[in-house]
Amino acid sequence: MSVGNAYTHFVPVRLSRSAAGWGDNDFVAVGGIFGINPGAGRFYGFFGAASADYGYRCGVGARTGTFKEYFHRRREKEEKMAMTCGKCAHMGLGFYSDTIGPVEYLEGKTSADIWIVGLNPKHDIGHVEQRTPAEFAAFDPDCHPYFWDFRKVSPALYANWKGPNSRIAHTDLVKCFSPSFPAVVLVNGSPTEVDSKQVVTNCSTHLLEQIRRFRPKVIICNGAPVCYTVMGFFPPNNEAQTNRATSYKYELDLGNGSKHSLWLVFSGFIGRIDNWNRRRLGVEIEDILASEGIELHSGTSSYS
C-alpha cells in the first residue's frame, strides 16, 4: 500500500483533532489501516471492518498512538500472518489469516466427499480470517442464510451436513473477502471495479490445489461464474458424456500415473432459482451419490 494513494475499498474518513489537540505524531487508525495525504497534511482512516458507528463489527478496533508505535504493531501483525496470499495486492485484494492459508479455506472436513463451491466469501475487503482449522472442520451451515436454501435442494444432504458424520464441505472459487463481486476499490479516490477475470485466474490455483490435495468425489458449482470457470478447468469429454444436461464425470490426472474421478454438477445461483428447480437439482445430486455408493447419514437432524 502506498501512503496517501492506495488501492483500497475502505471508506476514507477524515480524522480531525479534538479541541484539546493531538500531538504532532498522534493519530487514530480504525480497522488497522490508515492513509496520509501529505500535500494537505490530513489524516485519513480507512474502515476495513468499520466501527459500530457504521453498522459493522470492528475487526481490530480503534487504536491511538504515535506513527512509530502504529507501524511497529502493524509489522508484528503482518509477521504473524505468515499464510497470506498477495497475488491481487496490486488490485487492493488479499487473503489474510494467521491460522490458515487459502488452500485450507474449506468449511467442513477435508475428507468430505461432496463440495459446494460458491463465488467468494462476503465480508469487508481486508477482513482477517481468524477461524482455526478445527473451527473450519466443525462448520455449521445454519450459521448463515446463504446455506439455508440447500434445505430445499436436498433435505437428506442438508441433514447430513448438520450431522456429526457430515460428508459435505463448502469453499469458494475466489478466496479474497469482499462485500460484492467484482470487488469495488478506491483508485485515486474513485470507486473502481477490479478486473474479475484476473482475480479468478490468480485465485483459481488455490481451488485446483484444494481439489488435488483433498480429492472430493462430487463438486456442486453454485452460480454461472463458478460453473463456467470449473467447466474450463475440467472440460467435458463429449464421447464419454452422460445423458445429464447439468452434470458429468471427469477423470483428473494427478500425475505419476495417478488419477482421480469426480462428478461436476452445475447450477444457477441456488439463492435465485425457484424451489422446483432446487429440488430437481437435489434429485440429480442424490442419483449421483447413489451411483457412487455415497450414503448420507444424518444423525438426529432432519429438514424438509
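Odds and ends about this structure:
- Measuring nothing but how far apart in sequence close Cα pairs (under 8 Å, 6+ apart) lie, relative to its length, the range 153-231 scores a relative contact order of 20 percent.
- Cβ-Cβ FRET estimate between R213 and R280, R0 fixed at 30 Å, reported to 0.05: 0.40
- Pairs from K109/K175; K197/K249; K122/K217 whose Cα-Cα separation, in the structure shown, is over 24 Å: K197/K249; K122/K217
- Taking every DSSP bridge with both residues inside the range 153-277, close to 70 percent are antiparallel.
- If the chain linking E193 and A138 were pulled fully straight, counting 0.36 nm for each residue of separation and taking away their Cα-Cα distance, it would gain 16.4 nm.
- Relative protection proxy for 120-132, 171-183, from highest mean packing down: 171-183, 120-132 (other beta-carbon atoms within 10 angstrom).
- Taking the charge dipole of the range 157-304 about its Cα centre, with +1 at Lys and Arg Cβ atoms and -1 at Asp and Glu Cβ atoms, the residue from F269, M231, I294 reaching farthest to the positive side is I294.
- Inter-label distance, nm, simple model (7 Å from Cα along the C-beta direction), V184/K259: 4.8 nm
- Segments 145-154, 109-118, 224-233 sorted - mean Cβ within 10 Å per residue, highest first: 109-118, 145-154, 224-233
No value in this document is a laboratory result; all are computed from the given coordinates. The structure presented is a predicted model; accordingly, all values stated were derived computationally and were not measured. In this analysis, Cβ positions are derived from the backbone assuming ideal geometry, glycine residues included, and neighbour counts consider all displayed protein chains.
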